[in-house]
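Only one structure is covered here, and it is reproduced in the block below.
The values are calculated or read from the model by the stated rules, or taken from the named source; none is laboratory data. These numbers come from a predicted model, not from an experiment. Note: ideal-geometry Cβ built from the backbone for every residue, glycine included; neighbour counts use all protein chains shown. Just the protein is used for accessible areas: all its heavy atoms, side chains included, with ligands, DNA and RNA removed. Shrake-Rupley method; radii C 1.70, N 1.55, O 1.52, S 1.80 Å.
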Amino acid sequence: MFRRFKRTRLKAPMRALVRETHLRKDDFIYPLFVIEGEHIKNAIPSMPDVYQMSVDNILKECEELLKLGIYHIILFGLPSHKDSCGSEALSDKGIIAKAIKVIKKHFPQMIVALDLCFCEYTDHGHCGIIDKNLNSVDNDATLEILGQQALVLASCGGDMIAPSAMMDGMVATIRAYLDKGGFTHIPIMSYSTKFASGYYGPFRDVANSAPS
Ligand SMILES: [Zn+2]
(Lines give C-alpha, C1' and ligand atoms only; values in the text may rest on other atoms or scores of the structure.)
Protein backbone atom coordinates (compact mmCIF):
# COMPACT_ATOMS: atom_id res chain seq x y z
CA MET A 1 0.00 0.00 0.00
CA PHE A 2 1.09 3.57 -0.46
CA ARG A 3 0.02 6.90 0.98
CA ARG A 4 -2.07 9.23 -1.19
CA PHE A 5 -0.60 12.65 -0.46
CA LYS A 6 -2.50 14.01 -3.45
CA ARG A 7 -5.70 14.07 -1.38
CA THR A 8 -4.46 17.06 0.56
CA ARG A 9 -2.59 18.60 -2.39
CA LEU A 10 -5.37 18.83 -4.97
CA LYS A 11 -7.04 22.10 -3.91
CA ALA A 12 -5.53 25.34 -2.70
CA PRO A 13 -7.79 25.67 0.38
CA MET A 14 -6.88 22.11 1.41
CA ARG A 15 -3.17 22.85 0.95
CA ALA A 16 -3.59 25.97 3.05
CA LEU A 17 -5.06 23.84 5.82
CA VAL A 18 -2.18 21.36 6.02
CA ARG A 19 0.74 23.59 5.05
CA GLU A 20 3.53 23.35 7.63
CA THR A 21 5.80 26.13 6.43
CA HIS A 22 4.55 29.70 6.21
CA LEU A 23 6.83 32.34 4.78
CA ARG A 24 6.10 35.83 6.00
CA LYS A 25 7.90 39.10 5.36
CA ASP A 26 9.30 38.71 8.89
CA ASP A 27 11.22 35.61 7.78
CA PHE A 28 13.38 37.43 5.25
CA ILE A 29 16.54 39.49 5.49
CA TYR A 30 17.17 41.93 2.65
CA PRO A 31 20.78 42.04 1.43
CA LEU A 32 22.38 45.40 0.65
CA PHE A 33 25.78 45.88 -0.98
CA VAL A 34 27.48 49.08 0.14
CA ILE A 35 30.16 50.70 -1.99
CA GLU A 36 32.41 53.70 -1.27
CA GLY A 37 31.50 57.00 -2.92
CA GLU A 38 28.38 59.07 -3.56
CA HIS A 39 25.37 58.78 -5.90
CA ILE A 40 26.44 55.31 -6.98
CA LYS A 41 23.95 52.66 -8.04
CA ASN A 42 25.73 49.99 -10.11
CA ALA A 43 23.56 47.38 -11.75
CA ILE A 44 24.87 43.80 -11.63
CA PRO A 45 24.12 42.06 -14.95
CA SER A 46 24.19 38.57 -13.40
CA MET A 47 21.74 39.61 -10.65
CA PRO A 48 18.91 41.70 -12.11
CA ASP A 49 17.49 44.35 -9.74
CA VAL A 50 20.40 43.99 -7.33
CA TYR A 51 22.71 47.00 -7.06
CA GLN A 52 25.94 48.10 -5.45
CA MET A 53 24.97 51.35 -3.75
CA SER A 54 26.75 54.17 -1.99
CA VAL A 55 25.49 55.09 1.48
CA ASP A 56 23.22 57.92 0.23
CA ASN A 57 21.36 55.48 -2.03
CA ILE A 58 21.34 52.81 0.70
CA LEU A 59 19.40 55.27 2.87
CA LYS A 60 16.82 55.79 0.09
CA GLU A 61 16.53 52.02 -0.25
CA CYS A 62 16.00 51.62 3.51
CA GLU A 63 13.20 54.19 3.42
CA GLU A 64 11.54 52.22 0.61
CA LEU A 65 12.01 48.94 2.48
CA LEU A 66 10.40 50.25 5.64
CA LYS A 67 7.39 51.45 3.62
CA LEU A 68 7.06 47.86 2.38
CA GLY A 69 7.27 46.52 5.93
CA ILE A 70 10.76 45.06 5.46
CA TYR A 71 12.95 45.98 8.37
CA HIS A 72 15.68 43.31 8.45
CA ILE A 73 18.72 43.99 6.31
CA ILE A 74 22.16 42.45 5.97
CA LEU A 75 25.09 44.55 4.81
CA PHE A 76 27.98 43.52 2.58
CA GLY A 77 30.92 45.90 2.22
CA LEU A 78 32.71 46.75 -1.03
CA PRO A 79 35.84 48.59 0.13
CA SER A 80 37.90 50.80 -2.16
CA HIS A 81 41.09 49.32 -0.73
CA LYS A 82 41.89 45.59 -0.52
CA ASP A 83 45.01 43.88 0.83
CA SER A 84 46.23 40.40 1.71
CA CYS A 85 44.74 40.37 5.23
CA GLY A 86 41.60 42.45 4.60
CA SER A 87 42.67 45.20 7.01
CA GLU A 88 39.84 47.56 6.04
CA ALA A 89 37.38 45.12 7.61
CA LEU A 90 38.98 45.88 11.00
CA SER A 91 38.66 49.66 10.74
CA ASP A 92 35.87 51.53 12.45
CA LYS A 93 36.08 53.96 9.54
CA GLY A 94 35.58 51.22 6.93
CA ILE A 95 32.67 51.20 4.53
CA ILE A 96 30.41 48.96 6.63
CA ALA A 97 31.23 50.75 9.87
CA LYS A 98 30.19 54.03 8.21
CA ALA A 99 27.03 52.50 6.73
CA ILE A 100 25.82 51.03 10.04
CA LYS A 101 26.18 54.34 11.87
CA VAL A 102 24.29 56.30 9.20
CA ILE A 103 21.51 53.72 8.83
CA LYS A 104 20.96 53.45 12.60
CA LYS A 105 20.94 57.22 12.93
CA HIS A 106 18.17 57.61 10.33
CA PHE A 107 16.30 54.35 10.91
CA PRO A 108 16.91 53.08 14.46
CA GLN A 109 14.00 50.62 14.04
CA MET A 110 15.86 48.73 11.32
CA ILE A 111 17.52 45.45 12.34
CA VAL A 112 20.98 45.59 10.79
CA ALA A 113 22.79 42.28 10.40
CA LEU A 114 26.40 42.31 9.24
CA ASP A 115 28.04 39.81 7.00
CA LEU A 116 31.28 38.83 8.69
CA CYS A 117 33.97 37.59 6.36
CA PHE A 118 37.15 38.75 4.68
CA CYS A 119 36.63 37.72 1.05
CA GLU A 120 35.24 41.14 0.12
CA TYR A 121 38.27 42.79 1.74
CA THR A 122 41.20 40.63 0.64
CA ASP A 123 43.00 41.17 -2.68
CA HIS A 124 43.03 37.38 -3.23
CA GLY A 125 39.28 37.01 -2.57
CA HIS A 126 39.63 34.21 -0.02
CA CYS A 127 37.86 34.35 3.34
CA GLY A 128 40.88 34.90 5.57
CA ILE A 129 44.64 35.05 5.92
CA ILE A 130 46.50 32.75 3.52
CA ASP A 131 49.07 30.30 4.91
CA LYS A 132 51.61 30.15 2.07
CA ASN A 133 53.11 26.82 3.21
CA LEU A 134 49.68 25.22 3.41
CA ASN A 135 48.48 27.02 0.25
CA SER A 136 45.17 27.46 2.05
CA VAL A 137 43.47 29.73 4.54
CA ASP A 138 45.08 29.80 8.00
CA ASN A 139 42.01 28.83 10.05
CA ASP A 140 43.17 29.91 13.50
CA ALA A 141 44.81 33.17 12.46
CA THR A 142 41.59 34.02 10.65
CA LEU A 143 39.52 33.27 13.77
CA GLU A 144 41.32 36.04 15.64
CA ILE A 145 40.64 38.67 12.99
CA LEU A 146 37.01 37.51 12.69
CA GLY A 147 36.64 38.13 16.42
CA GLN A 148 38.14 41.62 16.04
CA GLN A 149 35.92 42.37 13.04
CA ALA A 150 32.83 41.32 15.04
CA LEU A 151 33.80 43.68 17.85
CA VAL A 152 34.24 46.61 15.46
CA LEU A 153 30.84 46.02 13.83
CA ALA A 154 29.04 45.53 17.15
CA SER A 155 30.54 48.72 18.55
CA CYS A 156 29.32 50.63 15.47
CA GLY A 157 25.74 49.69 16.36
CA GLY A 158 25.14 46.48 14.40
CA ASP A 159 22.27 44.30 15.69
CA MET A 160 23.45 40.86 14.60
CA ILE A 161 26.75 39.35 13.47
CA ALA A 162 26.41 36.95 10.53
CA PRO A 163 29.64 35.02 9.89
CA SER A 164 29.98 33.35 6.49
CA ALA A 165 33.67 32.47 6.53
CA MET A 166 33.48 28.68 7.03
CA MET A 167 36.29 28.68 9.63
CA ASP A 168 36.22 25.87 12.19
CA GLY A 169 35.44 27.32 15.62
CA MET A 170 34.33 30.71 14.36
CA VAL A 171 31.04 30.99 16.26
CA ALA A 172 32.70 30.14 19.60
CA THR A 173 35.53 32.59 18.92
CA ILE A 174 33.22 35.42 17.88
CA ARG A 175 30.96 34.76 20.90
CA ALA A 176 33.98 34.99 23.21
CA TYR A 177 35.14 38.28 21.63
CA LEU A 178 31.65 39.80 21.79
CA ASP A 179 31.03 38.72 25.38
CA LYS A 180 34.39 40.02 26.54
CA GLY A 181 33.73 43.32 24.75
CA GLY A 182 30.39 43.83 26.53
CA PHE A 183 28.16 42.62 23.68
CA THR A 184 26.50 39.63 25.33
CA HIS A 185 23.18 40.85 23.88
CA ILE A 186 24.28 40.63 20.22
CA PRO A 187 23.18 37.41 18.48
CA ILE A 188 25.28 35.47 15.99
CA MET A 189 23.67 34.03 12.86
CA SER A 190 26.12 31.72 11.18
CA TYR A 191 25.18 31.02 7.59
CA SER A 192 28.26 29.45 6.13
CA THR A 193 26.80 26.10 5.14
CA LYS A 194 27.59 25.92 1.44
CA PHE A 195 25.58 24.11 -1.17
CA ALA A 196 26.29 23.57 -4.85
CA SER A 197 24.32 26.52 -6.15
CA GLY A 198 24.23 28.58 -9.32
CA TYR A 199 23.69 31.66 -7.10
CA TYR A 200 27.33 31.79 -5.99
CA GLY A 201 28.71 33.15 -9.26
CA PRO A 202 26.32 36.13 -9.37
CA PHE A 203 26.79 36.70 -5.65
CA ARG A 204 30.55 36.89 -6.12
CA ASP A 205 29.93 39.43 -8.89
CA VAL A 206 27.85 41.73 -6.74
CA ALA A 207 30.16 41.39 -3.72
CA ASN A 208 33.32 41.89 -5.84
CA SER A 209 34.79 38.84 -4.13
CA ALA A 210 35.63 36.20 -6.74
CA PRO A 211 38.50 34.13 -5.27
CA SER A 212 41.77 33.94 -7.20
ZN1 LIG B 1 33.96 34.84 2.52
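Under the rule that an exposed site lies in a DSSP loop and has at most 15 other Cβ atoms within 10 Å, name the longest stretch of the chain with no GluC sites (Glu not before Pro) of that kind, not counting the sites themselves.
Result, exposed sites excluded: 39-212.
With each run of n ≥ 4 DSSP H residues scored as -39500 (n - 2.57), what mean residue ellipticity at 222 nm is computed for the chain after dividing by its residue count and rounding to the nearest 500 deg cm²/dmol?
About -10000 deg cm²/dmol.
Quick check for you: with a 1.4 Å probe and neighbouring chains kept, what is the accessible area per residue of the stretch 23-206, in Å²?
Normalised by residue count, the accessible surface of the stretch 23-206 is 50 Å².
By how many degrees, 0 to 90 and rounded to 10, does the Cα axis of helix 170-180 deviate from the longest principal axis of the chain?
In the chain, helix 170-180 runs at an angle near 70 degrees to the longest axis.
Quick one: angle between helix 95-106 and the longest Cα principal axis of the chain, in degrees between 0 and 90, rounded to 10, please.
60 degrees
In debye, nearest 20, what is the charge dipole magnitude of the chain about its Cα centre with +1 on Lys and Arg Cβ and -1 on Asp and Glu Cβ, if you could check?
Dipole size: approximately 1620 debye.
Summing Lys, Arg as +1 and Asp, Glu as -1, what charge do residues with Cβ under 12 Å from the Cβ of L66 carry, L66 excluded?
Residues near L66 contribute 0 overall.
Could you tally the net charge around P187, taking each other residue with its Cβ under 14 Å from the Cβ of P187, Lys/Arg +1 and Asp/Glu -1?
Charge balance near P187 sits at -1.
Using alpha carbons only, how many degrees (0 to 90, rounded to 10) separate the axis of helix 55-67 from the longest principal axis of the chain?
Taking Cα atoms only, the helix is inclined about 20 degrees.
Using Cα springs under 10 Å in a Gaussian network model of the chain, which residue among K93, K60, K11 shows the largest mean-square fluctuation?
Highest fluctuation among the options: K11.
So what's the gap between the Cα centers of the stretch 86-136 and the stretch 137-197, to the nearest angstrom?
Value for the Cα centre distance between the two parts: 11 Å.
The stretch 132-212: which trypsin sites (Lys or Arg not before Pro) are DSSP loop and have at most 15 other beta-carbon atoms within 10 angstrom?
Details: sites: K132, R175, K180, K194, R204; in loops: K132, K194.
Counting only loop positions with at most 15 other Cβ atoms within 10 Å, the trypsin sites (Lys or Arg not before Pro) in the stretch 132-212 are K132, K194.
Karplus couplings for the stretch 195-200 from phi (6.51 cos²θ - 1.76 cosθ + 1.60, θ = phi - 60°), rounded to Hz, Gly and Pro as x?
With the stated coefficients, the stretch 195-200 comes to 10, 6, 9, x, 6, 5 Hz.
So, R0 is 22 Å and r is the distance between the beta-carbons of Y200 and L66; what FRET efficiency does that work out to, to 0.05?
Step by step, r from the Cβ atoms, then E = 0.15.
Using a cut-off of 28 Å between alpha-carbon atoms, which lysines can reach K104, once sequence neighbours fewer than 8 places away in the same chain are excluded?
The reachable lysines, counting only those whose Cα sits under 28 Å from K104, are K25, K41, K60, K67, K82, K93, K180.
Hey, any idea what % of the stretch 123-189's accessible area is carbon plus sulfur with a 1.4 Å probe?
Of the solvent-accessible surface of the stretch 123-189, carbon and sulfur hold 55 percent.
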